[in-house]
Amino acid sequence: MLTRVRDLSDGRTLWQDSPRGRVRHRTKLRSETCDVAVIGAGVSGALIALQLVTAGYDVVVIDRREPISGSTSASTALIQFEIDTPLIELSDKIGPARAARAYRRSYAAVSDLAEIIQRQRLKVQWRKRRALYLAGSRLGSRALRQEAQLRAKNGLPSEFIDRADLQRIYGIDRTGAIISEGAGELNPVQLAASCFATVQRKGGRIYAPFEVTSVVSEAGGVVILTANGGHIAAKKAIFATGYEVVKGVPRTAFEITSSWAIATKPVAVEKFWRGRCLIWEAADPYLYLRTTADNRVVIGGEDSSLKSPSKRADSIPAKAKKLIDSLNALLPGRQFELDYSWAGTFAESDTGLPYIAPVEGMKNCLTTVGCGGNGITFSMVAAQLSVSWVAGNRDPDGSLFRGSKS
């Protein structure tokens, strides 16, 4: 039923050593009934379940592994509205009006996530940040200036800064950059765990590890069968299984690829750049970095189409060295030291947008696949669209996330 992709991190990630990162769950399943079954206990499943129980639905979550043991722990968790595909390029791909809507929806999702964290009192090390988008091989300074102007025209808080100001303010030598409001950083494992704790306080149930062997969907609902003989009868089912996607999702909607990340040892506060903003490049592949609550730098990149889990794991030392060297070159005079290194799976779409749509040939089933570097932001979008779908309402932005040919 699911396309078998290794949706796990290779290497020890920083977040796997997080306090408050465990999730209570039920290990015995015979039969369950609910309004909505969420298949997948990562950050997407957590946000979807939280939004659903908050809206008053009875929710059951099931996963074939322990909760939060898939790709969530490999995330670098840069929370930003900016999509991998620049607004100028996205406008060419899907039209200016639709591209602007996608960017505004992404911007709203970050704000909505921050509001949920505050309202639900989730302990996730959330910090509001700005984002610095550096000139690179994909967009030079002239194109970045145009990108900033187009964003501002569409109500997105972005401003171009030239080489002199970039060097003076941030100590970075590039031909220009865009500085944007509306970003943040958090601990992804704590986010998922905190959401699930709230889900359970509101009556939701979490079952793991249980292998889903089949899903029988009919007009009246869905029955989820498991390898141990247990089953869940639900009115609706939502697949939030990361990149182990359900059959029926068009394989042309995205491409599975690999990325690598590191975390430095804690550093003195004075080593950080101004405002500790998120930093990323207008390049392909691009470098991206952030700070953490315990004063580390997390940096990711070196993306490639490598799909072999063993080769990806074997490449961690070489990729980690490239990443730490890139960090030290970008921010000279500091000499950051490596502490953690890991690799993980992610997905890329032609537009940089996620895939969130009903599953073809399966009534009452929805699937979500986050794409590009906005995984958690798009998880928030998926949670909002899921509530609308369960309620039978049409989200005005829903058609934006159904593949590049929508």
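Per-residue counts of other Cβ atoms within 10 Å, averaged by peptide: what ranking do you get for 21-34, 260-273, highest first?
Sorting 21-34, 260-273 by mean packing, highest first, produces 260-273, 21-34.
Rounded to the nearest 10 Å², what accessible area does ASP339 have for a 1.4 Å probe in the complete protein model?
70
At 15 angstrom or more along the helix axis (alpha-carbon based) and mean Kyte-Doolittle of -0.5 or higher, what helices does the chain contain? Whole DSSP H runs only.
For the chain, where a helix must reach 15 Å along its axis and average at least -0.5, the hits are 43-54, 96-119, 188-201, 316-330, 375-391.
At a 10 angstrom cut-off on C-beta neighbours, averaged per residue, how do the peptides 89-98, 346-355 rank from highest to lowest?
The most tightly packed comes first, giving 346-355, 89-98.
How much length, in nm to one decimal, is gained on full extension between GLU181 and SER214, taken as 0.36 nm per residue of separation minus their Cα-Cα distance?
7.4 nm
What ³J(HN,Hα) values, in whole Hz, does the Karplus curve 6.51 cos²θ - 1.76 cosθ + 1.60 give for the stretch 203-208 when θ = phi - 60°, with x put for Gly and Pro?
Calculated HN-Hα couplings, in order: x, x, 10, 10, 10, 6 Hz.
Quick one: which residues, 5 or more positions from THR226 or on another chain, have an amide H under 5 Å from its amide H? H modelled 1.01 Å from N in the peptide plane, none for Pro or chain starts.
THR213
Whose amide H sits under 5 Å from the amide H of ASP162, counting only residues 5 or more places off or on another chain, with H placed in the peptide plane?
Residues meeting the criterion, in which the H sits 1.01 Å from N, do not exist here.
Rounded to the nearest whole Å², what accessible area per residue is found for the chain with the 1.4 Å probe?
Heavy-atom accessible area per residue stands at 40 Å².
Across all directions of projection, what mean area in square nanometres is found for the Cα convex hull of the chain?
Mean orientational projected area (the chain, Cα hull): 18.0 nm².
Through the Karplus equation 6.51 cos²θ - 1.76 cosθ + 1.60, θ set to phi - 60°, convert the phi angles of the stretch 272-285 into ³J(HN,Hα) values in whole Hz; use x for Gly and Pro.
My calculation for the stretch 272-285 gives 6, 7, 4, x, 6, 5, 5, 10, 8, 10, 7, 9, 9, x Hz in order.
Please work out the Cα center distance from the stretch 69-134 to the stretch 298-322, rounded to the nearest Å.
24
Once the whole set of protein chains is in place, how much accessible area is left on TYR170, using a 1.4 Å probe, in Å² to the nearest 10?
For TYR170, solvent-accessible area is about 20 Å².
At what distance in angstrom do the alpha carbon centres of the stretch 11-44 and the stretch 344-395 lie from each other?
Using only Cα atoms to place each centre, the spacing works out to 19 Å.
Leaving ligands and nucleic acids out of the surface, order TYR57, TYR286 by accessible area at 1.4 Å, largest first.
Accessible-area ranking of TYR57, TYR286, largest first: TYR57, TYR286.
Rounded to the nearest 0.05, what FRET efficiency do GLU159 and SER31 have when you use their Cβ-Cβ distance and R0 = 45 Å?
Calculated value: 0.20.
Just to check I understand the Karplus step: with θ = phi - 60° and J = 6.51 cos²θ - 1.76 cosθ + 1.60, what whole-Hz values come out for the stretch 346-361, glycine and proline as x?
Each residue of the stretch 346-361 in turn: 8, 10, 10, 10, 4, 9, x, 9, x, 10, 9, 6, x, 7, 4, x Hz.
The values are calculated or read from the model by the stated rules, or taken from the named source; none is laboratory data. The structure displayed is predicted, hence computed values, not measured ones. Positions of Cβ are generated from backbone atoms using ideal geometry, with glycine treated the same way; all protein chains shown enter the neighbour counts. Heads up: the accessible areas ignore ligands, DNA and RNA and are worked out on the full protein's heavy atoms, side chains in. Shrake-Rupley method; radii C 1.70, N 1.55, O 1.52, S 1.80 Å.
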